[in-house]
Amino acid sequence: MNPIFVKKYLPFKEQDSKITVLFFFFLLLPITALFPHAHTLSAFWTVAFFAVEATLPHDSRPLYTADARLYVVFLTLCLSGILLPQARGATILSVLLRLSFFLPRLFSERKRELRRILSLVGGVLGILALLEIFLDGGVTGYNDPSLFSALSRARGIFGNPNITAAFLLSPASFALYDLLFEKKSRLFSLFCFFGSLAGIAATYSRGALLALLFSSFLLLSWRFGAFRVLLTVISLLPLLSLFAPSTLISRLSSVLSPDTSVRYRFSLWKSVFRLPPRALIFGVGEGKKAMLTALSPVLAAGLLQVEHTHSIYLHLLLSHGIIGLLLFLFLCARAILFGKDRGARAALLALLLFGIFDDPLYFGQTEVLFWLTLGLT
């Protein structure tokens, strides 16, 4: 083959193949939620991506930065859970999913394409969630019946409104960042942002809506200045109250009046802090089985069915102890304060705010997206 042809054209095709593999990874990641054992399948899909990606050519692999080494320490602490019989399987799965932190480092020169692919997937999933509401496919079982008996929420491809909203937070933040700071393809970014925004609104997830509002305000402040954005928001509030759906307004305003969902969370969180100090210092291991084994003797009355902690912070405290939680908080603080990618910083902050009231690590697909977003910073 002509060497001039190889040097001129082959690198482009190699990069093309990498982006194609990345596109199919993100396209099929949410689809894995439709199959049985979705958590396991998402871990398998993540490992399969790394296996395929390793066969492609690379210019550089800046994996061993200070933050990466710190994250390896965190992963090692997580992996220590295999010593606990009740947490062994869940620990292996969680560590495999958390390898997605390194995924952006394999695309260090193509992070813009990575953000755009994620934005597109989020925009499409958001539109599908909105169509679910219009086609009367929403569900009412995720609400307090005394306050929202007729409120229908989109479950999306994940079968759960809150998980769908969590998955859409990063794509929405990435799309808004591109819309504000990138000069090319702004119509594409506009579609992706409003698609993800519509999907989050269709889930009526209060935590996700507030988190997206905060991250959007942050991005707009970086672009136009905080004072100018604040005045604009205040001046537009009357219009928003007129044109926004009344169900959405009432849903957001209900944050100030605790319902059964909020009271359930508070009861669960109080139960966590009833555990013996040893459990909170060293953790009890990953997974639902380990969590229920530890919590069953101290659960508050009325908590008949507990799926997860409804808080990313209590999840990590319960699973890995206070040392694991502090290491996680240190990683996130470094990423938000010193990260170079503003879009990823805003997306990570949105997920962390959402994580106060719910747990994006509960589903494998959203866990991949969370650690990937942290890696992008």
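The values are calculated or read from the model by the stated rules, or taken from the named source; none is laboratory data. Keep in mind that this is a model prediction, so the values were computed, not measured. Glycine also receives a Cβ, built like all others from the backbone with ideal geometry; neighbour counts cover every protein chain displayed. Side chains included, ligands, DNA and RNA excluded: accessible areas come from the protein's heavy atoms. Shrake-Rupley method; radii C 1.70, N 1.55, O 1.52, S 1.80 Å.
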- Query: Does the stretch 259-278 contain at least one residue that is assigned to a helix (DSSP H, G or I), of a type outside the set (F, W, Y), surrounded by 16 or more Cβ atoms within 10 Å (Cβ to Cβ) and at pLDDT 90 or above?
  - Reply: no
- Message: Could you check the stretch 350-367 and list, in sequence order, the residues that are of a type in the set (A, V, I, L, M), at pLDDT 95 or above and open to solvent by less than 10 Å² (accessible area, probe 1.4 Å)?
- Response: A350, L351
- Message: Being modelled with pLDDT under 85 and either open to solvent by 60 Å² or more (accessible area, probe 1.4 Å) or among the charged types (D, E, K, R) (or both) is the filter here; which residues of the stretch 15-29 pass it?
- Response: D16, K18, T20
- Return the pairs, sorted by first residue and then second, in which the second residue is of a type in the set (V, I, T) and open to solvent by less than 10 Å² (accessible area, probe 1.4 Å), the first residue lies in the stretch 305-324 and is without any contact (Cβ under 8 Å) to a residue 60 or more places away in the chain, the beta carbons are less than 7 Å apart, and the residues are 6+ apart or on different chains. T309/V272; L314/V272; H315/T309; L318/V272; L318/T309
- Message: On the basis of being in a helix (DSSP H, G or I) and at pLDDT 95 or above, does L318 make the cut?
- Response: no
- Test result for T76, open to solvent by 40 Å² or more (accessible area, probe 1.4 Å) and at pLDDT below 90: no
- For M291, work out the one condition from (1) more than 19 Å from S205 (Cα to Cα); (2) open to solvent by less than 10 Å² (accessible area, probe 1.4 Å); (3) more than 15 Å from the chain's Cα centre (by Cα) it doesn't fulfil. (2)
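Would you tally the residues in the stretch 182-207 being open to solvent by less than 10 Å² (accessible area, probe 1.4 Å) and either of a type in the set (K, R) or over 22 Å from R116 (Cβ atoms) (or both)? Before the answer, list the steps.
Filtering the stretch 182-207 down to residues open to solvent by less than 10 Å² (accessible area, probe 1.4 Å) leaves 189, 192, 195-196, 199-200, 202-203, 205.
Imposing the further condition that a residue be either of a type in the set (K, R) or over 22 Å from R116 (Cβ atoms) (or both) reduces the set to 202-203, 205.
Count: 3.
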- Message: Quick test of your reading of the structure: G81 fulfils all but one of (1) open to solvent by 30 Å² or more (accessible area, probe 1.4 Å); (2) more than 18 Å from the chain's Cα centre (by Cα). Name the failing condition by number.
- Response: (1)
- Message: Against the definition (surrounded by 22 or more Cβ atoms within 10 Å (Cβ to Cβ) and either under 20 Å from H39 (Cα atoms) or touching a helix residue (DSSP H, G or I) at 6+ places or on another chain (Cβ under 6 Å) (or both)), how does A346 come out, yes or no?
- Response: yes
- Task: Restricting attention to the stretch 30-40, report how many residues are open to solvent by less than 50 Å² (accessible area, probe 1.4 Å) and hydrophobic (A, V, I, L, M, F, W, C).
- Result: 2
- With R112, R105, R98, R69 as the choices, which residue is more than 23 Å from L212 (Cα to Cα), of a type in the set (K, R) and open to solvent by 50 Å² or more (accessible area, probe 1.4 Å)? R69
- Scan the stretch 338-371 residue by residue and report those that are over 9 Å from the mean Cα position of the chain (by Cα) and part of a helix (DSSP H, G or I). F338, R342, G343, A344, R345, A346, L349, L353, G364
- Query: How many residues does the stretch 129-145 contain that are part of a helix (DSSP H, G or I) and surrounded by 18 or more Cβ atoms within 10 Å (Cβ to Cβ)?
  - Reply: 4
- Query: Any chance the stretch 221-234 includes a residue that's within 20 Å of F167 (Cβ to Cβ), open to solvent by less than 70 Å² (accessible area, probe 1.4 Å) and either in a helix (DSSP H, G or I) or not aromatic (F, W, Y) (or both)?
  - Reply: no
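Which of the residues spanning the stretch 115-124 are open to solvent by 10 Å² or more (accessible area, probe 1.4 Å) and closer than 19 Å to F49 by Cβ? Before you say what the answer is, go through the steps one by one.
First, the residues of the stretch 115-124 that are open to solvent by 10 Å² or more (accessible area, probe 1.4 Å): 115-117, 120-121, 124.
Listed by number, the residues that qualify are R115, R116, I117, L120, V121.
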